[in-house]
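The values are calculated or read from the model by the stated rules, or taken from the named source; none is laboratory data. Quick caveat, the model's predicted, so the values are computed rather than measured. No Cβ is skipped: glycine too gets one built from the backbone with ideal geometry, and neighbour counts run over all protein chains shown.
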Amino acid sequence: MTSPFINSMLREEGRALTVALGLLTRIPMPYIGEASQQTLGRSLHWYPAAGLVIGLALALFTALLPGPVLPSQALLVAALAVTLWVALTGALHLDGLADCADAWVGGMGDRERTLAIMKDPTCGPIGVTAVVLVLLLKAAALVTLLSHSTSVCWWLAPMAARTALPLAFVTLPYVRPAGMGAGLAINASRLGLALAALLVLGLLALVLPAALWWLWLFLAAGLFALWRRVVQQRLGGFTGDCAGALVELLEVVLLVSAALFLTTASAAGN
């Protein structure tokens with residue numbers, strides 16, 4: 001028999017995981033009623049788990065294909081995988097990327113103008129261009145990764161990218177008081193965030209080549225530091241759109257670096 005305290009903790013963590021999956025994916029979740037601020041805060045340390053679910057779905061899709069992916073099939077399979085990727089997330093982060101791209105160019109360095117453009121539901125040419133480039137780079141990287149019989153675990157990129165989101169919430173202010181992310185950091189479990197980050201690093205270390213693990217860590221840390229500096233200088237903090245843009249940029253950097261690593265390693269082995 002488990003104690004009432006443990007049962008209560010497990011129920012709370014289960015609700016927090018449901019909230020994270022319901023927010024970051026379009027996978028149907030059981031209705032849990034209106035989540036408390038404490039549950040919303042605790043959902044932060046489940047964001048990497050939501051990314052892992054997305055990655056596992058992508059890995060299952062490619063695994064169910066009959067036989068190995070031939071070079072002639074790689075482009076079609078990559079396009080289908082990217083389409084599934086977008087469907088699983090509901091284009092949530094792509095929307096943030098588009099809004100940020102429009103706002104950063106159209107805002108012309110002004111904080112209030114930048115925030116106003118990000119709230120505009122229409123998408124300008126800069127935003128469309130950013131989305132097209134990101135999807136193109138993802139598909140191109142997947143073509144390379146899927147064409148190799150001994151591919152690296154590229155499907156861990158969604159998990160790794162979403163590990164940066166809790167770090168953003170606890171190191172930067174959220175600049176929209178009425179936004180979805182307001183108050184999350186206050187109610188976040190610091191222990192849960194630390195454990196989640198360590199688990200992600202440990203899992204990546206187990207399945208990735210050591211050189212690629214260090215490369216991903218270096219690139220992700222560098223991109224996060226650059227993103228943090230840019231949003232802090234322009235906005236004094238970040239918004240949900242900025243967080244979405246961070247996820248998309250991290251996924252692209254991790255996929256492209258994995259593809260380049262694999263081609264370089266293959267060339268060196270020949």
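Listed by position, the helices (runs of 4 or more DSSP H) enclosed by segment 24-114 that each have at least 3 residues that are under 22 Å from residue 166 (Cα atoms) and modelled with pLDDT of 95 or more are 47-63, 71-89, 92-106. Looking across segment 75-99, just one residue is among the hydroxyl-bearing types (Ser, Thr, Tyr) and surrounded by fewer than 21 Cβ atoms within 10 Å (Cβ to Cβ), and that is 83. Taking segment 247-265 as the range and being closer than 17 Å to residue 91 by Cβ and of a type in the set (Val, Ile, Thr) as the test, the residues that pass are 247, 252.
Consider segment 115-162 and keep the residues that are in a helix (DSSP H, G or I) and touching a Pro at 6+ places or on another chain (Cβ under 7 Å). The one that is nearest to residue 103 (Cα to Cα) is 162. The residues of segment 64-108 that are of a type in the set (Gly, Ala, Ser) and over 17 Å from residue 227 (Cβ atoms), listed by number, are 67, 72, 74, 78, 79, 81, 87, 90, 91, 106.
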